[in-house]
Each structure stands twice: as structure tokens, then as C-alpha cells.
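Visitor: Mind having a look at this structure? Questions to follow.
The values are calculated or read from the model by the stated rules, or taken from the named source; none is laboratory data. None of these values were measured; they are calculated from a predicted model. All Cβ positions, even for glycine, are placed from backbone atoms using ideal geometry, and neighbour counts span all protein chains on display.
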Amino acid sequence: MDHAWTGIAIWEETKKFLCILQALGLPQEAIVCYQRAVQTRPNYAIAYGNLASTYYERNQLDLAILHYKQAIACDPRFLEAYNNLGNALKDVGKVEEAIQCYTQCLTLQPSHPQALTNLGNIYMEWNMIPAAASYYKATLAVTTGLSAPFNNLAVIYKQQGNYADAISCYNEVLRIDPLAADGLVNRGNTYKEIGRVSEAIQDYIHAITIRPSMAEAHANLASAYKDSGLVDPAIKSYRHALHLRPDFPEATCNLLHTLQCVCNWEDRDKNFSEVEAIIRRQITTSVLPSVQPFHAIAYPIDSILALEISRKYAAHCSFIASRFALPPFNQPAPYPIKRDLGERLRIGYVSSDFGNHPLSHLMGSVFGMHNRENVEVFCYALSPNDGTEWRQRIQSEAEHFVDVSPMSSDMIAKFINEDKIHVLINLNGYTKGARNEIFAMQPAPIQVSYMGFPGTTGATYIDYLVTDEFVSPLRFSDIYSEKLVHLPHCYFVNDYKQRNRDVLDPMCQPKRSDYGLPEDKFIFACFNQLYKMDPEIFDTWCNILKRVPNSALWLLRFPAAGEMRLRSYAAVNGVQPDQIIFTDVAMKSEHIRRSALADLFLDTPLCNAHTTGTDILWAGLPMVTLPLKKMATRVAGSLCLATGLGDEMIVNNMKEYEEKAVSLALDRPKLQAFCNKLKAVRMSCPLFDTARWVRNLERAYFKMWNIHCSGQRPRHFKVTENDSEFPYNR
């Protein structure tokens, strides 16, 4: 008896000594001691388990697996050995065996939190999200002391669009560990995604205070600053992130975009070359590109590369959709619509921009203008009611309007499918607030991209892109993944005839003096956001200003942080300070009215005036525009053509651009006559005829459906205003 007690005492002392060796970072010495221990006590399971754990920490996984199995052989009820053996087996790719180990652990102790979490992790990696979530929830039912299950559940909730529950989970992570910098960054990211940017900034700053070397926190803080209009602090934070981690593609690409937003063109060519190399490398290695599709449309990068970026983002949306593990939807039967039986084509519009947003400013009347005898319209709002007149109007005029913003993406897809939608339109594309995973679930038989994103989605689940012959000619069809639907005249709709007729009243015209604009100068204007500008176009504008006596260029503080850079750039190019005029951004109706105070609008070729282009043409202000290849570079030209006067405003190269602007400015009578013609056609030209445009859109929808009913795959087609060929009421 005394001898046995002495053996146990010696073993307890040995364990203390082994702990000291581990703490001192002497694992090899610990291994030797453990080996001696098991020689002394061959059936001592804990010694085998600790020896296995030492091997595991040294990444000697085969030896770890061997000794965990020996530990279990000594003690078949050794819980931790089963769990740890599962971890080692998972690490060597033997996932099925790992599941067996975790399951055996749970057989012995159903409430074992680590085994529950580890099973959840496997199902998460297998994209079996409901199973993963159930294991994480089971973990939390037995313990609230582990942060990992909360963190993983938050990831699931975020991917499902359930931001409130995601934030609650991150709150629990931070309750468990208030100094968890990762948890703060993750919660900050969630706040940022739902527009609570000030709270995101607080979390990022707190994370940086805890871990100053955390590059991701600095980069995310930079992004939040940029969203808040604090561009200079954003640039500083991005540069700090890159100082901490020079190989940080997201920070490199986002810094470039931020610099572009304020016309900081120092080392621009070098920066774009670096970013393009990053994108190509990421595409080759199947990594989601660090440049978003919406940024790519305004970058001087190859059109095919822009398509590849969109394809990667579309594939990512498909991956998110697959996590919901929905079975394929039952779709409406592919039979032609029979009006005599009371049938109608069911059209669904999905958008986060039903509110005070340019999309609603342009499309506000469209949803109520659809002919209810022929089509049934459903609007699905991805954003909550902002209380504005724009939201209220669409909500009251659309036949069906549903706020689906609180719902998860899979529930929205199910909801749309239950409405038996024939044609579903994505009005977001890759813009803020989009939930493209809904479309990846394919709740409708025909899915269409329109208006929100002026480029290709790259998505196999989007059948058609509504565009026009000028914006997306068939000779450029290789840069689109969708089949092209060419509407007559112009694809870009607007609502000015319904909402902004006051602009036509000569008694409502503002004066230049109201905005501090010089009465005696010829005023060129560009009201585009500054990110659309580049050195080539600004150099051209400077040349124009120097060639046209007593002229000035009117720009917007869009954002204000770009003003001093452009003033300095103009001065270097020999332009006088009083030739550059900046004003603040104005409310929509005021912006349109005051546009008429300029003499000629100068467009940006890299990314055109789209909404702004319709604004200024409705105000009766002519423009000069240079179309290139990508969709976003050709929209202004289409707007001009739809006035019937486009040939006078579209040029073929930068030299022509400069000459056209100068010649119009130096021939005031000719320019005035042209302005008068433009003002005269506003009430009659196709560009501003919203009702006519809606009827042509309905023709397109019926054609899409009839192609589908005939068993054909989607194909390019051109809509004509021919009732026999393109009926809008079948």
C-alpha cells in the first residue's frame, strides 16, 4: 500500500515537472519524460494523452493520432482523447473518422461543448449550414463560456442577412472576452454593412487600441471613414494598414479607389498596374478579387478582366446561396399568357433602393405605369422604409409592394417563388444593399439585370441584361455574360416628365448670382462624382479653358476633399484660379434647375454621366461625350441619341472632344440655337417619354417569356415598336 502511494506521488511530481518543461518551451524534453512515464505505467491513459497532445502541438500528427488511440485503449471513456483524436484526424483529412470520434465523445457526454463545436465546424466547412448552426446552438445550450460558437453563428447569421442576431452573437463574444480585437472588428463589419457606420468606427478604434498592429482593423477603419466622407483619415488609415502588412491586397485596392475618389493621381499608372496584377493573380488562384465590380466599371482596365471580376463575385453569391441548402424551386409552367383566361405576366422587381435614391428618382413612376390588364407587378424592398416621398409613392402606386428587408435571403427567395413570378428583375446588381444570393437561388424562371449596375453581372443565374443597341452593341457581346435585350431608343429610364415639369417654367429659373457664378463667363460644367475623372480628361478640360477666352469650369464638391487637389492640378496646367468653380451638391430639383445656368456640359469618358446626364439634358443643357467600349462609358451617348440630337454631342476621340467643346463655346449663336432645339424636344423625344418606355419594356418581358415557353434558351433580341412582332398585351 505504501509502495503504491509512493508511485502516485512520484507521478504527480512528474506531471508538475512536465508542465514546467512545456511552459519553458522544451517539448522534446517533455516528450522524453512522457515516454519514460508510460514505460513506468503502461496503462496510464493521461500520460498517453498528454504525449499525444505534445506531438499535436509540434504538428507531428501521425504520432499524435497513434498516442491518442493508445490513450483510448487504456481508458475507453477518456472524453478528451476522443475529442483531440478527432481534431488530429480532421487535420490529416480523415474527416469521417474525425466525426466518429466527436460522436463517440458525445455518446459518453452529450453536453461536451468542444465536440459539439468541432462537429459544427465540420458541417460549416461542408456547407451544411443548418446542421452547423444546430451544433453551435447545442453548444450554447450547455455552456455560454465559449466564444467560438457565438462567432461562428454570427458568420452564419450575417450570410443569411440576419444582422440583428449576428450582432447579438458578437456581443456575447465580447462579453466572454472584452479584449477580443477580432470580435470587435467583426461586429464593426456588421454595423458597417447595415449603415451604422459611427458604431463601426468605434469598434475599429477600440480594436486598434487593444491590438495596434492589427492591419485589418486599420483597413476597415479606413473604409468606414471613407463611407463617412472622411477621405483624408481614410487614406492615412489605409497607408498605416499597408505599413503593418505590405502584402495586403484589399488595402492596396481600396486605397487606390479612395485616392481616385479625391483625384489624387500621384503614381496613378503605377498603382493601377499593381492593382491589375493583384486582380489577375486572384482570378488565377480562385480568390475573390479585391476590386469590387462596381469599382471596376470606372477603372481603366480591360473589359474582359472586368467581366472576370463580375464572374468571381457571381460565383461567390452562388456559394452563399448554396449555404441555405434549398432544394430547386418549382417554377411557373412554361405556357404563353392567355389574357382571355384572365392571366397576366407576373413581374417582380427586387431592390434596396426604393427610397431617396437615384434609382427611385428615375423609376418612381414605372412601377405604377405598367398596364394592369397585361402584367402584375410585385416590388420586393430589401431596405426598410426611409419615410421619404419616393418610398411612399412607389409603395402606393405599385400593385404589390412588400418590405422583405427583415427576412433572410432564403425566405425572400421562397416568398418570391410562392408569388409565381415569371420574370424577376435585379435592380441592384453589385451596388450597395444588394442581396444577389437571392437570384442565385433562382426563385423565378427568367431573371434579368437592369438599371442599378451598368455592367455585366457575370452570373449564370441572370439570363438577360436590359440595355440598348448603342450602349451594348452586339459586337461587344463578348464582354457580357447575359443575353442582350435592346430596347428602342435608350434603355435608361427617367421620370422628369412626371416629376420635374417645373424646370420647364421660365418663371422658375434661378440666376447665376444665386450660386456665386460669374455672369460674364462661358461656363463649362461637369457634375459627375470626382472618381469618374482622370488626368487625361482633366488635361483636356484645362486645354479647353485655355483656348476659350473668359471661360470657367463648374464642378461639384463630390466629395469636398477633392477640391484643393483639382485646383492645384489646374494651376499646374496653366489655368487661372477663377476658372475653376466649385459648389456644393444640391437637392435633386434644385440641382436640375441650376444646371441650366451652365453653357455646356463636359462628360467623363471613363465613366459617363448617367443620372446626371438625364438631369442636364432635361434642364436643356447640351453635352460633349466620348463613348468607349464598356457599358458605363456609353450611357451618355445613348441619352443624347434618344433626344434626336445626339450626333451633335457625340465624338469619336479625345482630339474631337476638345475641338467640339471649343468650337461650340466660340460660336455662341450656333450653341444657343442648339440649346433651343434641345429644350423644344424635351416633351416629345423618346428620352423623356416614360409611358412609351414602359410599354417597350413590357414588350421585352413578353418576348422573354415567349422564348422560354417555346423551349428555347435565352438569346439576344432587339425590341421594336411593332405590335405584331412585339406585342405588349399577349
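Visitor: Tell me which residues, restricted to the range 235-258, are under 15 Å from MET214 (Cβ atoms) and of a type in the set (Asp, Glu).
Guide: GLU250
Visitor: Could you count how many residues in the range 436-446 are touching a helix residue (DSSP H, G or I) at 6+ places or on another chain (Cβ under 6 Å) and either in a helix (DSSP H, G or I) or closer than 18 Å to MET363 by Cβ (or both)?
Guide: 3
Visitor: Does ASN356 qualify as being surrounded by fewer than 18 Cβ atoms within 10 Å (Cβ to Cβ), within 25 Å of ALA609 (Cα to Cα) and not hydrophobic (A, V, I, L, M, F, W, C)?
Guide: On the way: surrounded by fewer than 18 Cβ atoms within 10 Å (Cβ to Cβ): yes; within 25 Å of ALA609 (Cα to Cα): yes; not hydrophobic (A, V, I, L, M, F, W, C): yes.
Yes: the conditions hold for ASN356.
Visitor: Quick one: in the range 460-490, of everything that is surrounded by fewer than 24 Cβ atoms within 10 Å (Cβ to Cβ) and of a type in the set (Gly, Ala, Ser), which residue is nearest to the chain's Cα centre (by Cα)?
Guide: SER481
Visitor: Looking only at the range 696-730, count how many residues are in a loop (DSSP other than H, G, I, E, B) and either within 15 Å of GLU482 (Cβ to Cβ) or polar (S, T, N, Q) (or both).
Guide: 10
Visitor: Would you mind telling me which numbered condition in (1) acidic (Asp, Glu); (2) surrounded by 22 or more Cβ atoms within 10 Å (Cβ to Cβ); (3) more than 30 Å from TRP541 (Cβ to Cβ) ASP505 fails?
Guide: (2)
Visitor: Kindly indicate which of PRO249, PRO293, PRO332 is in contact with a strand residue (DSSP E or B) (Cβ under 8 Å, 6 or more places away or on another chain), touching a residue at least 24 places away in the same chain (Cβ under 8 Å) and not polar (S, T, N, Q).
Guide: PRO332
Visitor: So is MET631 free of Cβ contacts under 8 Å to residues at least 60 places away in the same chain and either buried (at least 21 other Cβ atoms within 10 Å of the Cβ) or not assigned by TED's automatic domain parsing to the domain that holds VAL548 (or both) or not?
Guide: Criteria not met by MET631.
Visitor: Take SER638 and decide whether it is farther than 25 Å from CYS508 by Cα, without any contact (Cβ under 8 Å) to a residue 12 or more places away in the chain and out of contact with any Leu (no Cβ under 8 Å at 6 or more places or on another chain).
Guide: Criteria not met by SER638.
Residues are listed down the side, and each one gets a yes or a no for (1) outside any loop (DSSP other than H, G, I, E, B); (2) not polar (S, T, N, Q):
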| site | (1), (2) |
| --- | --- |
| HIS486 | yes, yes |
| HIS489 | no, yes |
| LYS497 | yes, yes |
| VAL503 | yes, yes |
| PRO510 | no, yes |
| SER513 | yes, no |
| ASN528 | no, no |
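Visitor: Within the bounds of the range 124-132, is there any residue that is in a helix (DSSP H, G or I), touching a residue at least 24 places away in the same chain (Cβ under 8 Å) and under 26 Å from ALA207 (Cα atoms)?
Guide: no
Visitor: Restricting to the range 397-415, what's the tally of residues that are over 11 Å from CYS379 (Cα atoms) and assigned to a helix (DSSP H, G or I)?
Guide: Keep residues of the range 397-415 that are over 11 Å from CYS379 (Cα atoms), which gives 405-415.
Filter once more, keeping what is assigned to a helix (DSSP H, G or I): 409-415.
Number satisfying all stated conditions: 7.
Residue-by-condition table, conditions (1) in the same structural domain as LYS629 (by TED's automatic domain parsing); (2) not charged (D, E, K, R):
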residue	(1), (2)
MET441	no, yes
ALA444	no, yes
TYR461	no, yes
ASP468	no, no
ASP505	no, no
PRO510	no, yes
LYS521	yes, no
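Visitor: If you don't mind, there's one more thing I want to ask. Need the failing condition index for ASP177 against (1) under 20 Å from ALA561 (Cβ atoms); (2) of a type in the set (Asp, Glu); (3) more than 22 Å from the chain's Cα centre (by Cα), just the number.
Guide: Evaluating ASP177 over (1) under 20 Å from ALA561 (Cβ atoms); (2) of a type in the set (Asp, Glu); (3) more than 22 Å from the chain's Cα centre (by Cα) leaves (1) as the failure.
Visitor: If PHE558 satisfies every condition in (1) in contact (Cβ under 8 Å) with a residue 12 or more places away in the chain; (2) outside any loop (DSSP other than H, G, I, E, B) but one, which is the exception?
Guide: Answer for PHE558: the failing condition is (2).
Visitor: Only residues that are out of contact with any Phe, Trp or Tyr (no Cβ under 9 Å at 6 or more places or on another chain) and among the polar types (S, T, N, Q): list them for the range 399-430, please.
Guide: Answer for the range 399-430, where residues must be out of contact with any Phe, Trp or Tyr (no Cβ under 9 Å at 6 or more places or on another chain) and among the polar types (S, T, N, Q): just SER405.
Visitor: May I pose another question? Quick one: in the range 282-294, which of the residues that are surrounded by 14 or more Cβ atoms within 10 Å (Cβ to Cβ) and either closer than 16 Å to CYS317 by Cα or at pLDDT below 95 (or both) is farthest from the chain's Cα centre (by Cα)? Walk me through how you get there before you give the answer.
Guide: So the first thing to find is which residues in the range 282-294 are surrounded by 14 or more Cβ atoms within 10 Å (Cβ to Cβ), and the list is 282-283, 288-294.
Right, trim to either closer than 16 Å to CYS317 by Cα or at pLDDT below 95 (or both) and you get 283, 288-294.
Values: ILE283: 17, LEU288: 12, PRO289: 12, SER290: 11, VAL291: 10, GLN292: 7, PRO293: 8, PHE294: 7 Å.
Per the criteria, the residue is ILE283.
Visitor: If you don't mind, there's one more thing I want to ask. Confirm whether GLU97 is under 39 Å from the mean Cα position of the chain (by Cα) and among the acidic types (Asp, Glu).
Guide: Working: under 39 Å from the mean Cα position of the chain (by Cα): no; among the acidic types (Asp, Glu): yes.
Criteria not met by GLU97.
Visitor: Hey, can you tell me all the residues within the range 493-534 that are among the polar types (S, T, N, Q) and touching a Phe, Trp or Tyr at 6+ places or on another chain (Cβ under 8 Å)?
Guide: Across the range 493-534, the qualifying residues are ASN494, ASN500, ASN528, GLN529.
Visitor: Working carefully through the options GLY613, GLY637, find the one that is crowded, with 24+ Cβ neighbours inside 10 Å and touching a Gly at 6+ places or on another chain (Cβ under 8 Å). Give the steps one after another, and end with the answer.
Guide: Details: GLY613 fails: touching a Gly at 6+ places or on another chain (Cβ under 8 Å).
None of the others qualify; the one that does is GLY637.
Visitor: Condition first: farther than 21 Å from GLN712 by Cβ and either hydrophobic (A, V, I, L, M, F, W, C) or within 20 Å of the chain's Cα centre (by Cα) (or both). Now tell me which residues in the range 330-353 satisfy that.
Guide: LEU341, TYR349, VAL350, SER351, SER352, ASP353
Visitor: Give me the residue from the range 298-328 that is crowded, with 16+ Cβ neighbours inside 10 Å and among the aromatic types (Phe, Trp, Tyr) and, out of that set, farthest from ASP410 (Cα to Cα).
Guide: Looking at the filtered set, the residue picked out is TYR299.
Visitor: Is at least one residue of the range 423-435 assigned to a helix (DSSP H, G or I) and under 21 Å from the mean Cα position of the chain (by Cα)?
Guide: Looking for residues that are assigned to a helix (DSSP H, G or I) and under 21 Å from the mean Cα position of the chain (by Cα), one finds none in the range 423-435, hence no.
Visitor: Which number in (1) in contact (Cβ under 8 Å) with a residue 40 or more places away in the chain; (2) farther than 26 Å from GLY455 by Cβ; (3) outside any helix (DSSP H, G or I) marks the one condition that PHE582 misses?
Guide: The number of the failed condition is (1).
Every residue, every condition in (1) at pLDDT below 95; (2) within 21 Å of ALA459 (Cβ to Cβ); (3) not assigned by TED's automatic domain parsing to the domain that holds TYR450, yes or no:
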site: PHE319; (1), (2), (3): yes, yes, yes
site: ALA325; (1), (2), (3): yes, yes, yes
site: GLY348; (1), (2), (3): no, yes, no
site: ASP353; (1), (2), (3): no, yes, no
site: GLY368; (1), (2), (3): no, no, no
site: TYR380; (1), (2), (3): no, yes, no
site: GLN392; (1), (2), (3): no, no, no
site: PHE401; (1), (2), (3): no, no, no
site: ALA413; (1), (2), (3): no, yes, no
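Visitor: Follow-up. Restricting to the range 305-351, name every residue that is closer than 26 Å to LEU697 by Cα and hydroxyl-bearing (Ser, Thr, Tyr).
Guide: Result: SER310, TYR335, TYR349, SER351.
Visitor: Right, another one. Given the condition under 19 Å from ILE320 (Cα atoms), in contact with a Ser or Thr (Cβ under 8 Å, 6 or more places away or on another chain), at pLDDT below 95 and part of a helix (DSSP H, G or I), answer yes or no: does some residue in the range 161-174 qualify?
Guide: Looking through the range 161-174, at least one residue is under 19 Å from ILE320 (Cα atoms), in contact with a Ser or Thr (Cβ under 8 Å, 6 or more places away or on another chain), at pLDDT below 95 and part of a helix (DSSP H, G or I).
Visitor: Another one. Can you go through LEU362, LEU424 and tell me which one is touching a residue at least 24 places away in the same chain (Cβ under 8 Å), of a type in the set (A, V, I, L, M, F, W, C), under 20 Å from ARG695 (Cβ atoms) and not assigned by TED's automatic domain parsing to the domain that holds GLN529?
Guide: The unique qualifying residue is LEU362.
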